[in-house]
Amino acid sequence: MGAFLDKPKTEKHSAHGEGNGLRYGLSSMQGWRVEMEDAHTAVVGLPHGLTDWSFFAVYDGHAGSRVANYCSGHLLEHILSGGAEFASGPSSVEGVKDGIRSGFLNIDEYMRSFSDLRQGLDRSGSTAVCVLLSPTHLYFINCGDSRAVLSRDSKVGFSTQDHKPCNPREKERIQNAGGSVMIQRVNGSLAVSRALGDYDYKCVDGKGPTEQLVSPEPEVCVLERVAEGDEFIVLACDGIWDVMSNEELCEFVHSRLLVCDDLEKVCNSVVDTCLHKGSRDNMSVVLVCFSAAPKISEEAVKKEEELDKYLETRVEELMGNCGEAGVPDLVSVLRSIASENIPNLPPGGGLASKRSVIEAVYNRLNPHREEEGSAGDLDDPW
């Protein structure tokens, strides 16, 4: 779903914060899409006496931003107040899980009453991937194909599973509701099998809310916190995961934390790198760091500076040795450098994560060039 722009919108919305023994950063970019349909939530210290709990989420809207934006502002309150499990304070892990599930079903039913959604004037829906952090547990919550990963002991310790129509369990529910899976989509149209909103897919008579073509039921996985092992959690929409695997993103974030302690900048780097890797979707990422997260390393900083200097020198050499052929365009410079065996590139990000360095030198040496090679519109020069 969604049309594309001639050039990507690369302005970012970013933020950061800290509390409850953690730090977080976030960044989002519209990219190539005509509209920005992503949203997010970041709350450190929850109401109802849960001051030592925190909540983070990413919502990837489709067919509009209405549902994603409403969930951004109200899903947490539905989780905390929608189920009796939270009314007198969470007393057990299973009770919290039940409260989360009730909150999702409640907000989905509540939004159905909105006049624009009820009358079909707005047909939007949204994924939701969240993490609810208590002092002792991590509650990973997923509905759709956005994803969360936990870096524990310098490797992927956990990841949520995408809800796709071709998944056997999802496909069975869809078919039992009278639907079909064609070209890996619900009835050949919707690419996710669970979502909030999307009421056109939730109107099968005789079926409950979790038995419809598209289900609002979240999958909740609970892990005990490991203070000495838990490093960071990444929540991101599929605009990120389309071009990076779980392992690549964790490796890239790990490498950035060794050279930068500004979590906004780390998240901005993730979004920029995914754009340069060819993502054509909206992109949103939330990074939550624990006390065991990687710290600044003098050795890593030195290697990063050496890499940047090497790339700057190579651009200067390529620009200076052009001869009668004239000044090379940016695409040619990028492809020349991409063909070389360059050591110490950021793992997971590769040369795409260094495009800004290359482009800055190119622009300095060729200030009057016509704009070209805008952000991510190259035929994968990496």
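Numbers for the structure displayed
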| read-out | value |
| --- | --- |
| Only one of 332, 353, 284, 336 that is closer than 22 Å to residue 268 by Cα, of a type in the set (Ser, Thr, Tyr) and not assigned by TED's automatic domain parsing to the domain that holds residue 20 | 353 |
| Index of the failed condition, residue 291 passing every other in (1) under 25 Å from residue 275 (Cβ atoms); (2) in contact with an Asp or Glu (Cβ under 9 Å, 6 or more places away or on another chain); (3) among the polar types (S, T, N, Q) | (1) |
| Residues of segment 20-58 that turn out to be crowded, with 23+ Cβ neighbours inside 10 Å and among the β-branched types (Val, Ile, Thr), as a count | 1 |
| Positions within segment 213-230 being under 18 Å from the mean Cα position of the chain (by Cα) and crowded, with 24+ Cβ neighbours inside 10 Å, in sequence order | 218 |
| Check on residue 173, within 24 Å of the chain's Cα centre (by Cα), surrounded by 14 or more Cβ atoms within 10 Å (Cβ to Cβ) and basic (Lys, Arg) | no |
| Sole exception among (1) in contact with an Asp or Glu (Cβ under 6 Å, 6 or more places away or on another chain); (2) β-branched (Val, Ile, Thr); (3) surrounded by fewer than 22 Cβ atoms within 10 Å (Cβ to Cβ); (4) over 22 Å from residue 96 (Cα atoms) for residue 204, by number | (1) |
| Number of positions in segment 351-366 that are closer than 20 Å to residue 255 by Cα and touching a residue at least 40 places away in the same chain (Cβ under 8 Å) | 7 |
| Residue list for segment 222-248, filter: within 29 Å of residue 93 (Cα to Cα) and aliphatic (A, V, I, L, M) | 222, 223, 226, 227, 233, 234, 235, 236 |
| Strands (runs of 3 or more DSSP E) completely within segment 95-164 that count 3 or more residues being surrounded by fewer than 24 Cβ atoms within 10 Å (Cβ to Cβ) and either at pLDDT below 95 or over 15 Å from the mean Cα position of the chain (by Cα) (or both) | 137-143, 155-159 |
| Test: residue in segment 332-348 that is farther than 20 Å from residue 251 by Cβ, assigned to a helix (DSSP H, G or I) and either among the β-branched types (Val, Ile, Thr) or at pLDDT 95 or above (or both) | yes |
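The values are calculated or read from the model by the stated rules, or taken from the named source; none is laboratory data. Here the structure is a predicted model, which means the values were calculated and not measured. Cβ: placed from backbone, ideal geometry, glycine included. Neighbour counts: every protein chain shown.
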